[in-house]
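Asker: Here it is, the structure in full.
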Amino acid sequence: MIKKLYEEHFLEIDSLLTKESKRLKLSPNELVVLKTLFQMYKKKTFSVTQIAKKIELTVEEISKALDKLTSKGFVTLALETRNDKQVEVFDLTGTFDKITALYLEDIKEEKQQKYDSQIATVIEMIEHAQGKTLSPFELETVKSWYYEKEFEHELIVSKIHEHGESGRFGVKFLERILTQSKLKQGDRDEKTQKALDEIFKAIK
């Protein structure tokens, strides 16, 4: 996706690389060389000489930086036949993959923080409703509702409000109520889909 965004001119890669250089573990020389390769992205023809013309680094410094970039997986070099000649070309797919992995990890951490906050809220609500702290097993059960995406947070909260004052209230009781609600919702969704199918058939 990031590669496509860049190729369709929706992404400013230069500033992005500068911003994420520390997290990508790029040295200053590696960063400069990588940015220069992106300037040569369309032709993809690899040439240390051409790189040296664009930046204030020696050929030796550029070569060392390129070795690091290839070993880290940011750049791939290969031979390609063009007009019956073997030409060395570079590929920056690895760089796009690393940036994508970085942002996917960010999204994962954001979700984790959101889940942790929601779990803490629900645990507090359950403990308040039943008048005692949850056991380790009960804590793991509640966490599994979120990490395994068994029930939506809004449904859990609504059922605690609805049944919290019941004398039988507890984690097992709540889980049974949530499961029943989920099954009912599934039945409703199936009936709705069948009704829509019938409508579409009638239209045809």
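The values are calculated or read from the model by the stated rules, or taken from the named source; none is laboratory data. Given the structure is predicted, the values throughout are model-derived calculations rather than measurements. FYI the Cβ positions are ideal-geometry reconstructions off the backbone, even for glycines, and counts take in every protein chain you see. Just the protein is used for accessible areas: all its heavy atoms, side chains included, with ligands, DNA and RNA removed. Shrake-Rupley method; radii C 1.70, N 1.55, O 1.52, S 1.80 Å.
Asker: If we scan segment 90-107, do we find a residue that is surrounded by 13 or more Cβ atoms within 10 Å (Cβ to Cβ), over 24 Å from the mean Cα position of the chain (by Cα) and farther than 30 Å from Tyr147 by Cα?
Answerer: Yes - at least one qualifying residue is present in segment 90-107.
Asker: Tell me, which residue of segment 1-41 that is of a type in the set (S, T, N, Q) and open to solvent by 60 Å² or more (accessible area, probe 1.4 Å) is farthest from Asp67 (Cα to Cα)?
Answerer: Ser15
Asker: Can you pull out the residues in segment 129-165 that are without any contact (Cβ under 8 Å) to a residue 12 or more places away in the chain and more than 19 Å from Ser181 (Cβ to Cβ)?
Answerer: Scanning segment 129-165 gives Gly131, Lys132, Thr133, Ser135, Pro136, Phe137, Glu140.
Asker: Mind listing just one residue for me: the one in segment 126-160 that is open to solvent by less than 40 Å² (accessible area, probe 1.4 Å) and of a type in the set (A, V, I, L, M) and, of those, farthest from Ile2 (Cα to Cα)?
Answerer: Here the answer is Ala129.
Asker: Let me ask something else. Tell me which residues, restricted to segment 15-53, are under 14 Å from Val75 (Cβ atoms) and among the β-branched types (Val, Ile, Thr).
Answerer: Those that are under 14 Å from Val75 (Cβ atoms) and among the β-branched types (Val, Ile, Thr): Val32, Val33, Thr36, Thr45, Val48, Ile51.
Asker: Right, something else. Mind checking which pairs have a first residue in segment 30-52 that is closer than 13 Å to Thr95 by Cβ and of a type in the set (D, E, K, R) and a second that is assigned to a helix (DSSP H, G or I) and open to solvent by 30 Å² or more (accessible area, probe 1.4 Å), Cβ under 6 Å, 6 or more apart or different chains?
Answerer: Sorted first by the residue in segment 30-52, then by its partner, the pairs are Glu30/Lys68; Lys35/Asp14.
Asker: Within segment 83-137, which residues are polar (S, T, N, Q) and not in a helix (DSSP H, G or I)?
Answerer: Across segment 83-137, the qualifying residues are Asn83, Gln86, Thr133, Ser135.
Asker: If you don't mind, another one. Would you mind finding the one in Glu20, Glu7, Glu12 that is modelled with pLDDT of 95 or more and under 21 Å from the mean Cα position of the chain (by Cα)?
Answerer: Glu20
Asker: Now a separate question. What number goes with the only condition from (1) open to solvent by less than 30 Å² (accessible area, probe 1.4 Å); (2) of a type outside the set (S, T, N, Q); (3) in a helix (DSSP H, G or I) that Phe74 does not pass?
Answerer: Exception for Phe74: condition (3).
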